[in-house]
Every structure is written in C-alpha cells, then in structure tokens.
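In what follows, a structure is listed as structure tokens, so that the remarks can point back to it.
The values are calculated or read from the model by the stated rules, or taken from the named source; none is laboratory data. Every value quoted in this text rests on a predicted model; they were computed, and no experiment measured them. We place every Cβ from the backbone using ideal geometry, glycine too, and count neighbours over all the protein chains shown.
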C-alpha cells in the first residue's frame, strides 16, 4: 500500500471528527436536549418582566385588569394569535401563564414560547407547571424564568406564585412549600387584597394529598383574598369547590383559543370575561 493511499485513509477516518469539532466551535451542536443554556436575553425573564411592570405603576385605588391563561406547551400558532388578540386590548397591565409553558421541560420550548410572548405590549409572568419539571426542567425553568415560588405587589394587589406540582416531587410532603407559603399569605406587604396563583389545583390528583387540607386552609385564611387561580385542567371553570367561600379560577389552555380578562377593584370585587381568539 502506497504512502499516499495510507494517508488518504487516515484522513477519511479523521474527517468526520474534525467536522464535528468545527461545528461545535460554531455552537451548532446541541449535546443534550436537557442543556438549559440559552442566550442571556432569555434568562431571568421573571425579574425582567416584573421590572417592566413596576416601570408602569398602577396608582393606588385604580382598577386592575390582567390576562389569565395557561398551558402554552407546544401550541405556538395559538400563542401568536393570542398575542395578536391581547395587543388589541386597552387598559391591560400584564398577562399570567399558569404553568406548563413547555411540554418536556426543554429550554428550546421555553425559549420558543418566550419568543412569542415577548411580542406582547404588556409584560408577562409565569408559575411553574408539572410539564416544566420533566427531566432537567426544574433547573431550566430557574435559569430561564427564575424562582419557583415568588410574590410581588402591583397596585393594590399582592400576587403569590407557588409551585404545587406535588407528583413531580414524588409526593414528598414538601411541595407546595407551606413554610414559605403561610407567611406570604399572612402578609399583604402593603396591598389591600391578594391573589394566589399555581398550576395544579388542590382538588387534582397531581396535588400532594398529604398537603391538600393544609393548603386549602391556608388559602381560606388569607386576609383580603380575592381568589385562587390555577391551570393544569386545560378548561375554564370558576367555583367554590370546598365550600369555604374561596373562589377558584381555572384557565383554558392555549389550545382552547380562549383567555380571561380579570378585572379587580375595591376590597375584593372582581369580574371575569372570557375572550375567544
């Protein structure tokens, strides 16, 4: 075998590896679907959106209007249409997605949804859903959005966003984090009223059964509570399932092509309007 033939064969074997290295240097290869790395503009989205919201303060005593929806998952065409519909409205302060931003907890999914929702003329906030916790989803959500449990005050209303996806933690008795939630619900932080938002409602089988009673009680005892809001069921509902005077509001999924305009005023007065898009 000639020296030329031997060299050619070695090059043929080495060429695919060299090409692989070349692609990697250009960031064209995703080594793992669970890789949560994204460009900086797609990180800390909750903090960034809350900063935008606080830059548009609602004067004390003013009526609050916001959009409530949930379960965007892989409904990207619906997301575009939802954004177009919301952008036609006047007097809306922000939009809430009640969990399941993604389907498989992947960074690419959360980024794709954000690419749609960042076209809104108002900020948006999220709470983590059970699908967002699949695989490496917990780390991914924290990297892209931020805290799993957090609260903020806007106008006269405090919003408490809480992780209630007990099944994804193997019902370990720690989710929802009641030691965090109870003091949050007990302190209005200067607001007149409050709203609790999570993904899995306490009536659902995916809620940790060992914590459902304590959660329901804590919510029912929260001062100034307007209502508790959830996603997960993919279907609109409003009711008082536990007979304790607390109204639970469940969102439609993006796939249903409906969202809610929530209007809150006074002490705890509210109005809910469904909008098809």
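Miscellaneous remarks
- Within region 204-214, at least one residue is more than 18 Å from the chain's Cα centre (by Cα) and more than 24 Å from residue 138 (Cα to Cα).
- Checked against (1) outside any helix (DSSP H, G or I); (2) modelled with pLDDT of 95 or more, residue 110 meets all criteria but (1).
- Unique match (being modelled with pLDDT of 95 or more and exposed (fewer than 13 other Cβ atoms within 10 Å of the Cβ)) among 88, 48: 88
- Looking across region 129-154, the residues that are closer than 13 Å to residue 45 by Cα and surrounded by 23 or more Cβ atoms within 10 Å (Cβ to Cβ) come down to 140, 141, 144, 145.
- Applying the condition of being without any contact (Cβ under 8 Å) to a residue 24 or more places away in the chain and assigned to a strand (DSSP E or B) to region 227-257 and asking which residue is farthest from the chain's Cα centre (by Cα) yields 239.
- In region 203-225, the condition of being assigned by TED's automatic domain parsing to the domain that holds residue 154 and either modelled with pLDDT under 95 or assigned to a strand (DSSP E or B) (or both) is met by at least one residue.
- Meets criteria (in contact with a helix residue (DSSP H, G or I) (Cβ under 8 Å, 6 or more places away or on another chain), modelled with pLDDT of 95 or more, under 28 Å from residue 55 (Cα atoms) and in a helix (DSSP H, G or I)) for residue 122: no
- One residue stands out in region 160-189 among those that are in contact (Cβ under 8 Å) with a residue 40 or more places away in the chain and within 14 Å of the chain's Cα centre (by Cα): the one that is surrounded by the fewest Cβ atoms within 10 Å (Cβ to Cβ), namely 165.
- Residues located in region 125-144, provided they are assigned to a loop (DSSP other than H, G, I, E, B) and touching a strand residue (DSSP E or B) at 6+ places or on another chain (Cβ under 6 Å): 127
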